Amino acid sequence: MATMDHILTWIYRRWLPAGVLWQVKTREKVVYLTFDDGPIPELTRDILEILDQYNAKATFFCVGENVRKHPSLFREIKEKGHAVGNHTNFHVKGTRGGVNRYMEDIRQAGAVIDSALFRPPHGLITRRQVKVLSKEFSVVMWTVLTRDFDYRVNHEECLKRAMNGIRPGAIIVFHDNLKAREKVLYALPRLLQFLGEEGYETEKLG
Ligand SMILES: [Zn+2]
């Protein structure tokens with residue numbers, strides 16, 4: 001299963017145009033934690049507290065409609081010194097509908113999310129969309145998927161996936177959503193503990 005993931009990602013990476021960010025180029029022991037889909041009252045604050053406990057900085061790829069529903073949570077993320085990114089307004093799949101509709105949705109999200117970072121929902125984006133988006137955004141993909149959203153992946157495996165993927169400049173994906181909640185609350189503090197022991201720092205993108 002992991003092998004299949006790797007093969008598909010490998011093909012996808014080569015198919016997408018250059019300029020899409022899969023890993024930050026660095027030799028420093030630094031990794032980039034990212035949280036997609038929030039903010040939501042059921043989880044975002046817990047994530048912020050855990051990050052604070054470990055003095056960690058992260059990037060939150062937010063959904064525009066969630067930002068509109070929970071503006072104070074969105075403000076808290078920024079006030080705590082984390083970065084925010086655009087994750088569309090309605091969590092739109094990039095492979096559906098044309099470029100213009102996709103861009104329109106992203107602009108709606110941009111009205112409430114002031115950021116030049118963009119991550120496509122479901123990780124799905126076309127070559128043409130990348131070309132158009134790259135004029136305004138840095139399109140951020142990932143180095144490590146914890147698969148915290150996947151019911152077939154349990155707490156321990158989620159943590160193991162994150163730990164196994166640690167290397168300088170790695171971009172790690174977690175989800176700030178209900179499906180991932182229990183796994184994030186389990187894996188995040190343990191990962192941060194591990195990173196500290198390995199001499200790694202966390203930074204926000206941007
Ligand atoms: Zn998402």
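With Rh defined as the Kirkwood radius, the inverse of the mean 1/r over Cα pairs, the Rg/Rh of the stretch 162-206 is 0.97. Rounded to the nearest 500, the 222 nm mean residue ellipticity of the chain from helices alone is -12500 deg cm²/dmol, with -39,500 (n - 2.57) taken per DSSP H run of at least 4 residues.
For the stretch 87-185, what Kirkwood radius comes out of the mean inverse Cα-Cα distance, in Å? The partial results should precede the final answer.
Values: mean 1/r = 0.0679 Å⁻¹.
Final number for the Kirkwood radius of the stretch 87-185 is 14.7 Å.
Database remark: amide H of V30 closer than 5 angstrom to the amide H of G169, E201 (H placed geometrically; neighbours at sequence offset of 5 or more, or on other chains; Pro and chain starts carry no H).
Across the stretch 2-202, Cα-Cα distances exceeding 20 Å account for 54% of all pairs.
Averaged per residue, what accessible area in Å² does the chain show with a 1.4 Å probe, protein chains only?
On the way: 10390 Å² over 206 residues.
For the chain, the per-residue accessible area is 50 Å².
Within the straight-line cut-off of under 21 Å between alpha carbons, the lysines reachable from K131 are K93, sequence neighbours fewer than 8 places apart in one chain being disregarded.
Heavy atoms only, 1.4 Å probe, whole protein assembly: order H70, H122, H82 by accessible area, highest first. Please list the in-between numbers first.
Numbers: H70 45, H122 110, H82 10 Å².
In descending accessible area the options line up as H122, H70, H82.
Put a dot 7 Å past the Cα of E28, heading toward its Cβ, do the same for R13, and the two dots end up 2.2 nm apart. Computed over the chain, relative contact order equals 32 percent, with contacts defined as Cα pairs under 8 Å that lie 6+ residues apart. For the stretch 40-51, 3J(HN,Hα) computed residue by residue from phi via the Karplus equation (6.51, -1.76, 1.60; θ = phi - 60°) reads 9, x, 6, 9, 3, 5, 5, 4, 4, 5, 4, 4 Hz, glycine and proline entered as x. Computed extension length for E182-R152: 9.4 nm, one decimal, from 0.36 nm per residue of separation with the Cα-Cα distance subtracted. Comparing N177, N164, N154 in a Gaussian network model of the chain where C-alpha atoms under 10 Å apart are linked, the largest mean-square fluctuation is found at N164.
The values are calculated or read from the model by the stated rules, or taken from the named source; none is laboratory data. Given the structure is predicted, the values throughout are model-derived calculations rather than measurements. Please note: Cβ atoms are built from the backbone with ideal geometry, for glycine as well, and neighbour counts cover all protein chains shown. Each accessible area value is taken on the protein alone, full model and side chains, heavy atoms only, with ligands, DNA and RNA left out. Shrake-Rupley method; radii C 1.70, N 1.55, O 1.52, S 1.80 Å.
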